[in-house]
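The block underneath contains the structure these notes are about, expressed in structure tokens.
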Amino acid sequence: MNTITIEGQLRSETGKKATRQLRSEGKTPGVIYGGPKEINFSAPVLAFKDLIYTSKFQVAEIKVGDKTYKCVLKDLQFHPVTDELLHIDLLELVDDRKVIVSIPLKFVGQSVGVKAGGKLRKKLKSLKIKSLPKDLKESITIDITKLKIGESIRVEEIKGNEFEILNSPRIPIVAVAVSRNITVDEEAMDVDDGGEEGDTEGEAEKEKE
């Protein structure tokens, strides 16, 4: 798993005056939660760039004084006008304590439905899971190779003994819908041999919703 190292400094003062002074120096105040006590620290705003401006799931090692805290991103606060990073909250990873995080989805394979002229519809980009730190991963892989036109993969179909998925089970993750004005191969569609064409398109439209 990709890990980012950030050099921070302990904050002895946490009031508005102190935080304004930090921001004027190009630093961002932050708090590390989850351990025996909260750790108030600051670091240069640019040090957080690779952690927050990415779709990847990453772990941050925050070095404060002579200690290093392994953390995941918890919350961010931006200025409503300038989009300046005002504050960052991190959650310390404790070996025997489960955490709730969002893990990106990685789609592999080429759907038979897409090959036949269907349109791939990605409904979710990530899944919210609850897991021990040792079981965290950069992404959850979903194989779409066998996905036909009119079919979808739902949350309940994703199995992971090492983590608990918190999204609603019936939510579709990815689907293949009919692409209009294209003749598709019936064998690549999720329909019975005796089904009518109108029924097939109706099912595809449901998956679009």
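The values are calculated or read from the model by the stated rules, or taken from the named source; none is laboratory data. Predicted, not measured: the structure shown is a model, and the values here were computed from it. For neighbour counting, all protein chains shown are included, and Cβ atoms are generated from backbone atoms with ideal geometry for every residue, glycine included.
Descriptive notes on the structure:
- Evaluation of P104 against (1) assigned by TED's automatic domain parsing to the domain that holds K130; (2) modelled with pLDDT under 95 (one fails), failing number: (2)
- Selection status of L132, closer than 29 Å to A60 by Cα and without any contact (Cβ under 8 Å) to a residue 40 or more places away in the chain: yes
- The stretch 66-87: number of residues that are assigned to a strand (DSSP E or B), closer than 15 Å to L46 by Cα and touching a Phe, Trp or Tyr at 6+ places or on another chain (Cβ under 8 Å): 2
- Enumeration of residues in the stretch 3-59 that are touching a Phe, Trp or Tyr at 6+ places or on another chain (Cβ under 8 Å) and either outside any loop (DSSP other than H, G, I, E, B) or exposed (fewer than 11 other Cβ atoms within 10 Å of the Cβ) (or both): I6, G8, Q9, L10, T28, P29, G30, V31, I32, I39
- Verdict on V101 being among the hydrophobic types (A, V, I, L, M, F, W, C), out of contact with any Lys or Arg (no Cβ under 6 Å at 6 or more places or on another chain) and surrounded by fewer than 18 Cβ atoms within 10 Å (Cβ to Cβ): no
- Here Q21 fulfils each of the conditions (1) of a type in the set (S, T, N, Q); (2) modelled with pLDDT under 95; (3) touching a Pro at 6+ places or on another chain (Cβ under 6 Å) apart from (3).
- Checked against (1) of a type outside the set (D, E); (2) under 18 Å from T5 (Cβ atoms); (3) touching a Gly at 6+ places or on another chain (Cβ under 7 Å), V94 passes all but a single condition, namely (2).
- If you filter the stretch 189-209 down to residues that are of a type in the set (A, V, I, L, M, F, W, C) and in contact with a strand residue (DSSP E or B) (Cβ under 6 Å, 6 or more places away or on another chain), you find that the one that is modelled with the highest pLDDT is M189.
- Residue among L73, L22, L10 that is without any contact (Cβ under 8 Å) to a residue 24 or more places away in the chain, more than 29 Å from I140 (Cα to Cα) and not assigned by TED's automatic domain parsing to the domain that holds D135: L22
- The condition of being touching a residue at least 40 places away in the same chain (Cβ under 8 Å), within 30 Å of L127 (Cα to Cα) and either touching a Lys or Arg at 6+ places or on another chain (Cβ under 9 Å) or of a type in the set (A, V, I, L, M) (or both) holds for L86.
- Cβ separations smaller than 8 Å between residues 6+ apart or across chains give the following pairs from the stretch 156-167 residues that are surrounded by 12 or more Cβ atoms within 10 Å (Cβ to Cβ) to residues that are among the charged types (D, E, K, R): E156/R170; F163/K130; F163/D135; E164/K130; I165/K128; L166/K128; L166/K130; N167/K128.
- Close contacts from the stretch 42-62, counting a first residue that is in the same structural domain as K106 (by TED's automatic domain parsing) and a second that is of a type in the set (D, E, K, R), with Cβ to Cβ under 7 Å and a gap of 6+ residues or different chains, come to none at all.
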